[in-house]
1. For region 1-16, does any single residue satisfy the condition of being touching a Leu at 6+ places or on another chain (Cβ under 9 Å), assigned to a loop (DSSP other than H, G, I, E, B) and either without any contact (Cβ under 8 Å) to a residue 24 or more places away in the chain or in the same structural domain as residue 114 (by TED's automatic domain parsing) (or both)?
2. What are the pairs, 6+ residues apart or on separate chains, where a residue within region 80-101 that is loosely packed, with under 13 Cβ neighbours inside 10 Å and among the hydrophobic types (A, V, I, L, M, F, W, C) has its Cβ under 7 Å from a residue that is modelled with pLDDT of 95 or more and in a strand (DSSP E or B)?
3. Which residue is farthest from residue 26 (Cα to Cα), if the candidates are limited to region 107-127 and must be of a type in the set (A, V, I, L, M, F, W, C) and surrounded by fewer than 17 Cβ atoms within 10 Å (Cβ to Cβ)?
4. Tell me yes or no: at least one residue of region 26-46 is without any contact (Cβ under 8 Å) to a residue 60 or more places away in the chain, in a loop (DSSP other than H, G, I, E, B) and crowded, with 17+ Cβ neighbours inside 10 Å.
5. For region 107-127, which positions are within 21 Å of residue 67 (Cβ to Cβ) and of a type in the set (A, V, I, L, M)?
6. Pairs under 9 Å by beta carbon, first residue at pLDDT 70 or above in region 48-69, partner surrounded by fewer than 17 Cβ atoms within 10 Å (Cβ to Cβ) and hydroxyl-bearing (Ser, Thr, Tyr), six or more apart or different chains?
Amino acid sequence: MKLLAPIPTLTTPSLQETVDFYVSVLDFTCKTMDEDWKFASINKDSVNMQLVHPQSKFPFNSPGPFDEPVFTGAIYIHMDGIDELWEKVKDKAEVCFPIQNFDYGMREFGIYDNNGYLLQFGEQISA
């Protein structure tokens, strides 16, 4: 058995606004947008994510109102070139914490997407 990669699925009340955020702010590409199923898939490099409306037809998604994310963690994206991404996004998204070096050998920052999900980015540096 071999696990390949997680694909986060995020609930959003507006598929188009969320796709626009990821495409314009983080340079993702929209691979699929299905208004009937109320579903979109986006990717950049080896990061894949799914977006679903609260009333999506997918069986794993419980219909209902969306007030705020109920996801209590963060989506952590390991990357190269973190300073370039920070310069691109720092004025386009709400910042959770600015770019900084940590004693455990990572350079990281965190932003919120347009729905309030926490996205953390990290690049390995010398400890």
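1. The answer is no, given that none of the residues of region 1-16 is touching a Leu at 6+ places or on another chain (Cβ under 9 Å), assigned to a loop (DSSP other than H, G, I, E, B) and either without any contact (Cβ under 8 Å) to a residue 24 or more places away in the chain or in the same structural domain as residue 114 (by TED's automatic domain parsing) (or both).
2. 97/109; 97/110
3. Filtering region 107-127 down to residues of a type in the set (A, V, I, L, M, F, W, C) leaves 109, 111, 118-119, 121, 125, 127.
Cutting the leftovers down to surrounded by fewer than 17 Cβ atoms within 10 Å (Cβ to Cβ) gives us 125, 127.
Details: 125: 22, 127: 27 Å.
That would be 127.
4. Yes, region 26-46 contains a residue that is without any contact (Cβ under 8 Å) to a residue 60 or more places away in the chain, in a loop (DSSP other than H, G, I, E, B) and crowded, with 17+ Cβ neighbours inside 10 Å.
5. Matches in region 107-127: 111, 118, 119.
6. Between residues of region 48-69 that are at pLDDT 70 or above and residues that are surrounded by fewer than 17 Cβ atoms within 10 Å (Cβ to Cβ) and hydroxyl-bearing (Ser, Thr, Tyr), the close pairs are 49/9; 50/9; 50/32; 51/9; 52/9; 53/14; 54/62; 58/9.
The values are calculated or read from the model by the stated rules, or taken from the named source; none is laboratory data. None of the values given here were measured: they were computed from a predicted structure. Neighbour counts are summed over all protein chains in view; Cβ atoms, including those assigned to glycine, are modelled from backbone coordinates with ideal geometry.
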